[in-house]
1. Return the residues of the range 15-25 that are surrounded by fewer than 14 Cβ atoms within 10 Å (Cβ to Cβ) and part of a helix (DSSP H, G or I); say none if nothing qualifies.
2. Consider TYR44 carefully, then state whether it is at pLDDT 95 or above and aromatic (Phe, Trp, Tyr).
3. State yes or no: is ASN63 assigned to a helix (DSSP H, G or I) and open to solvent by 80 Å² or more (accessible area, probe 1.4 Å)?
4. Go through the range 20-66 residue by residue and tally those that are over 21 Å from GLN6 (Cβ atoms) and aromatic (Phe, Trp, Tyr).
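The values are calculated or read from the model by the stated rules, or taken from the named source; none is laboratory data. Note that the structure is predicted; figures quoted are calculated from it, not measured. Glycine also receives a Cβ, built like all others from the backbone with ideal geometry; neighbour counts cover every protein chain displayed. We work out accessible area using only protein heavy atoms, side chains counted, and drop any ligands, DNA or RNA first. Shrake-Rupley method; radii C 1.70, N 1.55, O 1.52, S 1.80 Å.
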Amino acid sequence: MPKSKQAMCPLFEDVVCPQGDEAAAGCSVRLEGDYDPINDFKDYIFMNCAIRRAREQEAGYKNETE
């Protein structure tokens, strides 16, 4: 059985986006546009989401190796 492709975060391409393809595509559009997390609150939220997901994923890897 083929493994399904996971949506990846456009900001951190090695982080899985748990919100799925549609959310990852929306973030990709933001990133390719005039991405500015300092002046645009939506871009700030996008950046925080990516950082949070990366930290969660890192914590999961650490727990798996212990």
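1. Answer for the range 15-25, where residues must be surrounded by fewer than 14 Cβ atoms within 10 Å (Cβ to Cβ) and part of a helix (DSSP H, G or I): ASP21, GLU22, ALA25.
2. Numbers: at pLDDT 95 or above: yes; aromatic (Phe, Trp, Tyr): yes.
Answer is yes for this residue.
3. Details: assigned to a helix (DSSP H, G or I): yes; open to solvent by 80 Å² or more (accessible area, probe 1.4 Å): yes.
The answer is yes for ASN63.
4. Residues that pass the stated criteria total 3.
The rows are residues; the columns are (1) in contact with a His (Cβ under 8 Å, 6 or more places away or on another chain); (2) assigned to a loop (DSSP other than H, G, I, E, B); (3) surrounded by 11 or more Cβ atoms within 10 Å (Cβ to Cβ).
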{"position": "GLN6", "(1), (2), (3)": "no, yes, yes"}
{"position": "GLU13", "(1), (2), (3)": "no, yes, no"}
{"position": "SER28", "(1), (2), (3)": "no, no, yes"}
{"position": "TYR35", "(1), (2), (3)": "no, yes, yes"}
{"position": "ILE38", "(1), (2), (3)": "no, yes, no"}
{"position": "ILE45", "(1), (2), (3)": "no, no, yes"}
{"position": "ARG52", "(1), (2), (3)": "no, no, yes"}
{"position": "ALA59", "(1), (2), (3)": "no, no, no"}
